[in-house]
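The values are calculated or read from the model by the stated rules, or taken from the named source; none is laboratory data. These figures come from a predicted structure and were not determined experimentally. Note that each Cβ is placed from the backbone with ideal geometry, even for glycine, and that neighbours are counted across all protein chains shown.
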Amino acid sequence: MHTFSIRELRDRSGELSHEAESGNVSLITKHGQPLMVSVPFDRAVVETGVHVALAINLYKSKDLSIGMAARVARMARLEFAELLGRLNVPLVDYPAGELADELSQFKR
C-alpha cells in the first residue's frame, strides 16, 4: 500500500491515480497520521461494497491478516474466507520452495 501525505497530493496526484487504476489501495496521511484510504472504484466496490472491497484488497496485499480483514469487511472469519475462495484469492501463500519441501516430507 502506497502512502501519500495531504501535502504531496498536489504534486503526486498522477501517482495516486495510477495506483487506483492498478487496483491498489493507498493511504492518505496528515501530519503523519492516517486520514483516509483511497479505494479503487471497480466492480468489487459496486458488487460487495466499500468495506468488503477494501478488506479483500488489503488481505491480498498482505497488509491485513484474514481475521483483521474479516473485521473490516464486517463478516465472520469463515464467511470472509469463503468469499475469498469464491474470488479465487488464495488463503495460504506458500513460497514455491517451501511448498516443494513440505510435499517431499509428506511423501516420506
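Quick check: anything in the stretch 62-74 over 24 Å from Val92 (Cα atoms) and among the small types (Gly, Ala, Ser)?
The initial filter retains those residues of the stretch 62-74 that are over 24 Å from Val92 (Cα atoms), namely none.
The answer is no, given that none of the residues of the stretch 62-74 is over 24 Å from Val92 (Cα atoms) and among the small types (Gly, Ala, Ser).
What's the number of the only condition in (1) closer than 30 Å to Glu8 by Cβ; (2) of a type outside the set (Asp, Glu); (3) not assigned by TED's automatic domain parsing to the domain that holds His2 that Pro34 fails to meet?
(3)
From the set of residues in the stretch 1-50 that are under 16 Å from Asp63 (Cα atoms), among the aliphatic types (A, V, I, L, M) and within 14 Å of the chain's Cα centre (by Cα), which is modelled with the lowest pLDDT?
Looking at residues that are under 16 Å from Asp63 (Cα atoms), among the aliphatic types (A, V, I, L, M) and within 14 Å of the chain's Cα centre (by Cα), I get Met1.
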